[in-house]
Amino acid sequence: MTVKLAVLKSGEDIVADIKEMIVGEGDDARVVGYVLTKPCGISLDSKSLEVDEEIDRDTYQLRLFPWCPLTKSEKIPITADWVVTIVDPIDKIKQMYEKEVLGNGTSESSGSNESTDSSEST
């Protein structure tokens with residue numbers, strides 16, 4: 001499984017298990033698209049500055065939502081020309097995706113408030 005964050009031309013941020021669609025073989029092989037398994041859009045609901053006695057930090061409210069929710073298919077192909085970039089997501093987004101979408105609970109998320117879809121980024 002390769003959990004990645006794709007930024008699309010539309011400006012959407014999509015987290016999913018992403019695999020390349022390749023045409024050709026050897027030196028003639030080229031990526032023509034990607035297959036997104038269980039894709040979720042990411043919404044950055046707000047950004048506020050919390051002032052603590054000792055620390056100033058930015059707080060982000062993150063929310064995952066189904067991307068292309070009206071399909072029965074868990075695997076959705078997209079063409080390569082719609083993808084601006086594919087990168088590794090921050091740990092909190094990867095943990096949220098694995099726990100909430102894939103159903104894989106991780107022990108690394110101890111100390112975070114898992115009852116909400118919020119994340120703090122410093």
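The values are calculated or read from the model by the stated rules, or taken from the named source; none is laboratory data. The structure displayed is predicted, hence computed values, not measured ones. With ideal geometry, Cβ positions are generated from the backbone for all residues, glycine too; neighbour counts draw on all protein chains shown. Protein only, heavy atoms only, side chains kept; ligands, DNA and RNA dropped before computing areas. Shrake-Rupley method; radii C 1.70, N 1.55, O 1.52, S 1.80 Å.
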Test: LYS92 is at pLDDT 90 or above and in contact with a Ser or Thr (Cβ under 6 Å, 6 or more places away or on another chain): yes
What do you reckon, is ARG30 within 21 Å of the chain's Cα centre (by Cα), modelled with pLDDT of 90 or more and basic (Lys, Arg)? no
What are the pairs with Cβ atoms under 7 angstrom where one residue, in segment 64-92, is of a type outside the set (Val, Ile, Thr) and the other, located anywhere, is assigned to a helix (DSSP H, G or I) and surrounded by 11 or more Cβ atoms within 10 Å (Cβ to Cβ)? Sequence gap at least six, or different chains. LEU64/MET96; LEU64/TYR97; LEU64/GLU100; LEU64/VAL101
Please identify the pairs in which a residue from segment 5-16 that is free of Cβ contacts under 8 Å to residues at least 12 places away in the same chain has its Cβ atom under 9 Å from the Cβ atom of a residue that is part of a strand (DSSP E or B) and open to solvent by 30 Å² or more (accessible area, probe 1.4 Å), counting only partners at least 6 apart or on another chain. GLY11/VAL84
Taking segment 95-122, which residues are modelled with pLDDT of 80 or more and open to solvent by 50 Å² or more (accessible area, probe 1.4 Å)? LYS99, GLU100, GLY103, ASN104
